[in-house]
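I have placed the structure first, in the form of C-alpha cells, so that the comments after it can refer back to it.
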Amino acid sequence: MKTLLGVGLLSIWILGPLTTAHADLRGEHLKCEYRTAPLGIDTDTPRLSWTLASKERGQFQTSYRIIAASAPGKLSERDADLWDSGKVDSAQSVGISYKGKQLESGQRVYWKVRVWDSKEKDSGWSEPSWFETALLRTTDWRAKWITRQSPKPLSEKEMFEDHPA
C-alpha cells in the first residue's frame, strides 16, 4: 500500500508539470462592430471585440489569437478556412480589424478567441460567436422600383382612384 502511494505521488510529481492548466483569464461576450451576433455588417473588414473575465485580481491580457471559419464545424485551429491571426502580442481586445480572406455579401462568419494572461498562460478557446455581412458591393443590389402601371397622362379623377402598387 505504501509503495502504491509512493508511485502515485511520484507520477504526480513527474507528470504534473506536463499537464496544461488553462489561465483563469478568459475572453467572453464576443462582439462584431460592437454588437452581439449581428446581421448585415456593411463592411468587409469588421472590427472584433471581447471582454475579459478573471477571478484573480490584477489579471490582464498579454496576447490573443482569433480564428474564423465559414461553418461551425470548421472552427478549429487546423480547419479555420477564413482567418487565423496567429498569436498576437497585444493587450488590445476592442476594435481588432478582421484580416482574413475577402468576405462576400451575405456571408456568415463564425469566430472565437483565445487570450494569454499576465503569466503567459492561455485561456483555451472562448465560446464561438458569428456575424453576417450585408450586401457589400453595389453590383449585389438587384431591385426594381415599384411604380404605377397605368398609362400617362392621367385625368384628375383617375389620379385619385385606388391603384395599389
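No lab work stands behind these numbers, since they all come straight from the coordinates. All figures in this text were calculated on a predicted structure; none of them were measured in a lab. Counting neighbours? That spans all protein chains shown, and the Cβs are built from the backbone with ideal geometry, glycine included.
For Leu39 and Ala91, a Förster radius of 30 Å and the Cβ-Cβ distance give a FRET efficiency of 0.50, rounded to the nearest 0.05.
In this simple spin-label approximation, Ala134 and Glu120 carry label points 7 Å from Cα along the Cα→Cβ vector, and these lie 4.4 nm apart. Shown in residue order for the stretch 65-70 are the 3J(HN,Hα) couplings computed by the Karplus curve 6.51 cos²θ - 1.76 cosθ + 1.60 at θ = phi - 60°: 9, 10, 10, 9, 9, 7 Hz (x for Gly and Pro).
Normalising the average separation of contacting C-alpha pairs (under 8 angstrom, six or more residues apart) by the number of residues puts the relative contact order of the stretch 21-71 at 40 percent. Cross-link partners for Lys87 among the lysines, with Cα-Cα distance under 29 Å and sequence neighbours closer than 8 places in the same chain left out: Lys31, Lys55, Lys74, Lys99, Lys101, Lys112, Lys119, Lys121.
All Cα-Cα distances of the stretch 79-148, cut into 10 Å bins from zero to the largest, leave 14, 39, 24, 12, 7, 3, 1 percent in each bin in turn.
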